[in-house]
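The values are calculated or read from the model by the stated rules, or taken from the named source; none is laboratory data. Just so it is clear, the model here is predicted, and its values are computed rather than measured. Cβ sites come from the backbone with ideal geometry, for glycine too, and all protein chains shown count toward neighbours. Just so you know, the surface numbers come from the protein's heavy atoms only, side chains and all, with ligands and any DNA or RNA stripped out. Shrake-Rupley method; radii C 1.70, N 1.55, O 1.52, S 1.80 Å.
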Amino acid sequence: MKRKLKYWGWGYEDKSLSNEETSNLLKSLTEFGISGSEKGKFPSLDSIKLIKPRLKPPKSLKTICTEDRYERVLHTFGQSQPDSIRTFLGDFSNAPDLIAYPKNEADIINLFEWCGEVNAALIPYGAGSSVVGGVTSDVGENYNGTVTVDLSLMNKVMEVDSESHAARIQGGARGPELEAGLKPVGFTLRHFPQSFEHSTLGGWIATRSGGHFATLYTHIDDLVENITMVTPVGKIQSLRVPGSGAGPSPDRLMLGSEGSLGIITEAWVRLQKKPTFKATAGFLFSNFLVAAKSVKAISQAGLYPANIRIVDNVELKINNASNGSSTLMIVSFENSDHPVDAWIARAEQCCLDNGGVIDVDWRNNPSANQESLVGAWREAFIRMPYNREKLTPRGIISDTFETAITWDKFETFYQNVKQTTELAILQTTGNKGAVSCRFSHAYPDGPAPYFAFHANSEPNRMIEDWLAIKNAASDAIISNGGTITHHHAIGRDHSKWYRKQRPLLFEKVLNRSKEYLDPKGILNPGVIVT
């Protein structure tokens, strides 16, 4: 039997937190005064109220469209905090009327033509893992219906160029499908976002995804060789070359367009050989800002570790990976060509020079990533996406936001954003809650701080409380010189602050691009171009 995805949470129906994991999570939150309300239940599929589909596909599209109840419910929301709350409250008033599963570009072109004729909004779905409202089917009252487009049937590795280390892959390929197609020829894309299992190549490109690896090639941008995107007025296909200085890049227009200008159907991407040399070490620091100095030293030494993360003690405690009071650093190196001992030894010295103490030694230790706090954090990180479905029914807000800032502004930025978020939680809920931070990525000129916050609320006011906290944190990011997002994209949730961040003239250029490529305004209304 085919595994079914949850409409109420992350991943498949047969995967969730165990009772013990749930109990540990709830217990750790009580340390911060977070206990939530009496547990409620997500609505059953049969109990969810859906409006009758307002659209009927023409005969030419009937075989690729469905109005199946489960499919409509599943494709109503992504994985954001408000998506979770609205699912819990049974608010499917804006469910898409139809779900389309195109098999080729001709199907997409036909969908564009029909949606334009009947004034239907069209939402490219990827795999639905957006945490910022990027696929949420809220399109306003100016449309006669909504069609969500799922590219999961366009999921093949089409061609591998072993000599150039590149592959042509369809946009609907999910992470595991993509890697399975490359494995027989000994390659990997080496792009592993936390959403890897439930996100697609096209989605990564459309949202400028950031992968698990923390330095050097951190974004999908760096791995793209060319892109093919189908728009309502034609197809854009960029030239496949290793690099080019020929004017403004068409790839840069398509990267980050979030389905507002077209649908990414395939791309050539740069591959790497599977790594054979690996080493991981763990270090403990007295506090987050001291640990950040080691990250800066390593980032500016040209070592480019595969992974370098620092995790503050609040996040370690919430995820049951704490030893009491320390900030944890994890640093890893890998290579397919040569040993990495010299690089990790130098990184270790940077940590020791800045007051770090060894938690896990890398020497002759192939299982270092599974030991002590390093191993505990690794397991917690893998399980984190499942937390929210246990917390939302208890009225506990659990969300994240991330950004990037230059090193010269970092300390003031970190303190202001953290304090502002804590104050917003206190003023909104009457409790300080918990605000944590880790680094997800690091560059020679600055880090990417990744914040998480947890707070008490009640189901009937969770969205209002979440929005008050989200607004305060986002305002603090912008006013202190950060970007509204490093890798979570814009969606509907970040649109207000994206408009503040981007230059006014660039906004006008984007608007003109939208007017030309999507003249009837059917593509993902409310996202990127509003």
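Which whole-angstrom value gives the distance between the alpha carbon centres of the range 288-304 and the range 6-51?
Centre-to-centre distance over Cα atoms comes out at 37 Å.
At residue 24 and residue 371, where each label point lies 7 Å from the Cα along Cα→Cβ, what is the point-to-point distance in nanometres?
According to this spin-label approximation, the distance is 2.0 nm.
Just by accessible area at a 1.4 angstrom probe, what is the order of 92, 196 from largest to smallest?
On the way: 92 5, 196 45 Å².
From most exposed to least exposed: 196, 92.
Efficiency by 1/(1 + (r/R0)^6): what FRET value for residue 496 and residue 464, r their Cβ-Cβ distance, R0 = 22 Å, to the nearest 0.05?
The formula returns an efficiency of 0.85 here.
Starting from the residue with the highest accessible area, list 4, 418 in decreasing order, probe 1.4 Å.
From most accessible down to least: 4, 418.
Can you list which of the DSSP-assigned H helices in the chain have a Cα extent of 30 Å or more along the long axis and an average Kyte-Doolittle score of at least -1.0?
The answer, listed by residue number, is 407-429.
In debye, nearest 20: dipole of the chain around its Cα centre with unit charges on the Cβ of K, R (+) and D, E (-)?
Values: 57 positive and 58 negative charges, 136 e Å.
About 660 debye.
Can you order the peptides 76-84, 313-321 by their average number of other Cβ atoms within 10 Å per residue, highest first?
Output ranking for 76-84, 313-321: 76-84, 313-321.
Excluding ligands, DNA and RNA, what is the solvent-accessible area per residue of the range 1-144 at a probe of 1.4 Å, expressed in Å²?
Numbers: 7080 Å² over 144 residues.
Here the per-residue accessible area is 49 Å².
State the percentage of accessible surface on the range 1-81 attributable to carbon and sulfur atoms; use a 1.4 Å probe and exclude ligands, DNA and RNA. Display every interim value, and only then the final one.
Values: 2470 of 4980 Å².
Using a 1.4 Å probe with all protein chains present, the range 1-81 comes out at 50 percent carbon and sulfur.
So, with a 1.4 angstrom probe, what is the percent of accessible area on the range 209-361 that is carbon and sulfur?
Carbon and sulfur together cover 50 percent of it.
In the range 290-362, if the dipole is taken from +1 on Lys/Arg beta carbons and -1 on Asp/Glu beta carbons about the Cα centre, which of 322, 292, 336 is farthest to the positive end?
292
As I understand it, the dipole of the chain uses +1 on the Cβ of Lys and Arg and -1 on the Cβ of Asp and Glu, about the Cα centre. Which of 123, 381, 347 lies farthest toward its positive end?
123
Within the set 62/514; 6/432; 15/156; 6/59; 470/496; 49/496, which residue pairs have Cα atoms separated by over 22 Å?
62/514; 6/432; 15/156; 6/59; 49/496
How much length would be gained if the chain were fully extended between residue 5 and residue 431, taking 0.36 nm per residue of separation minus their Cα-Cα distance, in nm to one decimal?
Details: separation 426, 0.36 × 426 = 153.36 nm, distance 3.47 nm.
So the extension gain works out to 149.9 nm.
Can you give the accessible area of residue 147 in Å² (nearest 10), computed on protein heavy atoms with a 1.4 Å probe?
So the heavy atoms of residue 147 present about 0 Å² to solvent.
So, in nm, how far is label residue 483 from label residue 357 when the simple model puts each one 7 Å beyond its Cα toward the Cβ?
Using points 7 Å along Cα→Cβ, the separation is 3.7 nm.
Rounded to the nearest 0.05, what FRET efficiency do residue 423 and residue 341 have when you use their Cβ-Cβ distance and R0 = 60 Å? Present the calculation step by step, with values, prior to reporting the outcome.
Numbers: r = 46 Å, r/R0 = 0.77.
Once the sixth-power term is evaluated, E becomes 0.80.
Show the residues, 5+ positions off or on another chain, whose built amide H is closer than 5 Å to the amide H of residue 6.
Long-range HN contacts for residue 6: 11, 12, 13.
Got a sec? Charge dipole of the chain, +1 on Cβ for Lys and Arg, -1 for Asp and Glu; which of 403, 450, 65 is way out at the positive end?
Working it through, the farthest residue towards the positive pole turns out to be 65.
Counting alpha carbon pairs within less than 8 Å and at least 6 residues apart, what relative contact order, in whole percent, applies to the chain?
Over the chain, the number comes to 17 percent.
If you average the sequence gap of Cα pairs under 8 Å that are 6 or more apart and divide by the length of the range 71-123, what percent do you get for the contact order?
Once normalised by length, the contact order is 33 percent.
Would you mind working out the magnitude of the charge dipole of the range 327-404 relative to its Cα centre, with +1 at each Lys and Arg C-beta and -1 at each Asp and Glu C-beta, to the nearest 20 Debye?
420 debye
Tell me which label goes with the value of volume of the Cα convex hull per residue in Å³ computed from the coordinates here: (1) 175; (2) 153; (3) 189.
Recomputing volume of the Cα convex hull per residue in Å³ here picks out (2).
If R₀ is 22 angstrom, what is the calculated FRET efficiency for the pair residue 509 and residue 141, using the beta carbon separation as r and rounding to 0.05?
E(calc), rounded to 0.05, equals 0.20.
At a 1.4 Å probe radius, which order do 15, 56 fall into by accessible area, largest first?
Largest to smallest exposure gives the sequence 56, 15.
How long is the gain from residue 31 to residue 289 if the chain were fully straight, where each residue apart is worth 0.36 nm and the alpha carbon distance is subtracted?
90.6 nm is the gain from fully extending residue 31 to residue 289.
Ignoring everything but the protein chains, give the 1.4 Å probe accessible area of residue 143 in square angstrom, nearest 10.
Using a 1.4 Å probe on the heavy atoms, I get roughly 40 Å².
Quick one: which residues, 5 or more positions from residue 225 or on another chain, have an amide H under 5 Å from its amide H? H modelled 1.01 Å from N in the peptide plane, none for Pro or chain starts.
268, 269, 270
Using a 10 Å cut-off on Cβ atoms, rank the peptides 128-137, 157-166, 231-240 from the highest mean neighbour count down.
128-137, 231-240, 157-166
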